[in-house]
Amino acid sequence: MHTALIVEDIPETGEWLQALLERAFTGVAVKVCPTCAATRQFVKTNPVSLALVDINLPDGNGLDLIGCILKTSPNAYIITSTIFDDDEHIITALRNGAHGYLLKDSSEQVFIQKLRGILTGDPPLSPSIARRILQCFSQPANKTATPSNAETSDATSLSQRERDVLVLVAKGLSRKEVAELLGLSGNTVARYIRDVYQKLNISSRAEAAVEACRMGLVSTEAS
């Protein structure tokens with residue numbers, strides 16, 4: 001982790017997030033931008049590795065900044081950091097390219113844990129957000145809607161092993177855990193994940209969870 005960007009208009013919150021980042025990643029350089037305009041100006045000439053982006057900013061919607069950041073820093077890890085936990089904001093953030101979604105009311109311990117999980121491939125999602133993503137894209141138990149042609153095509157384009165890998169990734173298992181459960185090597189699992197992501201046109205675990213639910217491969221019903 002080299003340079004991290006915080007997009008936050010409340011000075012005290014920006015300082016708090018900066019302190020958490022510095023605790024999570026030793027030696028990280030942190031820049032705080034309070035507005036959309038300041039963010040766009042900064043990322044023009046300063047590539048970033050990680051960005052924590054608020055939604056409600058004085059001069060616009062932070063979700064509109066995700067594409068701007070990724071345009072100049074295509075490998076940046078973008079996390080929405082907000083107080084909003086409604087479905088509309090969550091799904092819009094993920095569709096815009098966010099790799100994670102953390103609530104500001106999380107404890108410092110949880111926030112830091114989720115940030116550090118980036119280094120091991122774990123999606124930075126507040127627990128309540130992960131549940132809402134699954135619930136939003138699952139079919140109600142009393143409905144037996146027929147999948148659309150696009151959904152059927154997505155599901156049938158994957159081999160059985162690829163579907164197995166997708167389900168486990170969507171449930172939050174690490175690459176190592178997937179390998180152990182399926183009796184595969186880590187490199188083989190990595191190749192399956194790459195192929196699944198390419199076929200479904202996704203790029204993160206959060207999107208994998210969304211797609212697995214949409215395709216009916218993962219259920220949120222209690223076992």
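A crude spin-label estimate for the pair ASP195 and SER128, with each label 7 Å from Cα along the Cβ direction, gives 4.0 nm. Each other residue within a Cβ distance under 9 Å of VAL189 adds +1 if Lys or Arg and -1 if Asp or Glu, for a net charge of +3. Backbone amide hydrogens, once placed in the peptide plane, bring ILE6 within less than 5 Å of LYS31, VAL32, CYS33, LEU52, excluding anything fewer than 5 places away on its chain. For the set THR26, THR35, solvent exposure ranked by accessible area (probe 1.4 Å, protein chains only) runs largest to smallest as THR26, THR35. Stretching the chain fully between GLU22 and GLN160 yields a gain of 45.5 nm (0.36 nm per residue, less the alpha carbon separation).
At a probe radius of 1.4 angstrom, the accessible area of the range 6-48 per residue rounds to 52 square angstrom. Stretched out straight at 0.36 nm per residue, the stretch from ASP85 to ASP64 would grow longer than its current Cα-Cα span by 5.8 nm. Residues CYS33, CYS68, sorted by accessible area with the largest first, give CYS68, CYS33 [1.4 Å probe; ligands and nucleic acids excluded]. Electrostatic bookkeeping for GLN113 treats Lys and Arg as +1 and Asp and Glu as -1; over the other residues with beta carbon under 12 Å from its beta carbon, the sum is +1. Per-residue 3J(HN,Hα) values for the range 67-78, derived from phi via the Karplus relation 6.51 cos²θ - 1.76 cosθ + 1.60 with θ = phi - 60°, read x, 5, 5, 5, 5, 9, 10, x, 9, 5, 9, 9 Hz in sequence order (x marks Gly and Pro). If R0 is taken as 25 Å, the Cβ-Cβ distance between GLU180 and ILE10 corresponds to a FRET efficiency of 0.05.
The values are calculated or read from the model by the stated rules, or taken from the named source; none is laboratory data. All of these numbers come straight from a predicted model, not from anything done at the bench. Glycine also receives a Cβ, built like all others from the backbone with ideal geometry; neighbour counts cover every protein chain displayed. Note: accessible area is taken over every heavy atom of the protein model, side chains too, but ligands, DNA and RNA are not part of it. Shrake-Rupley method; radii C 1.70, N 1.55, O 1.52, S 1.80 Å.
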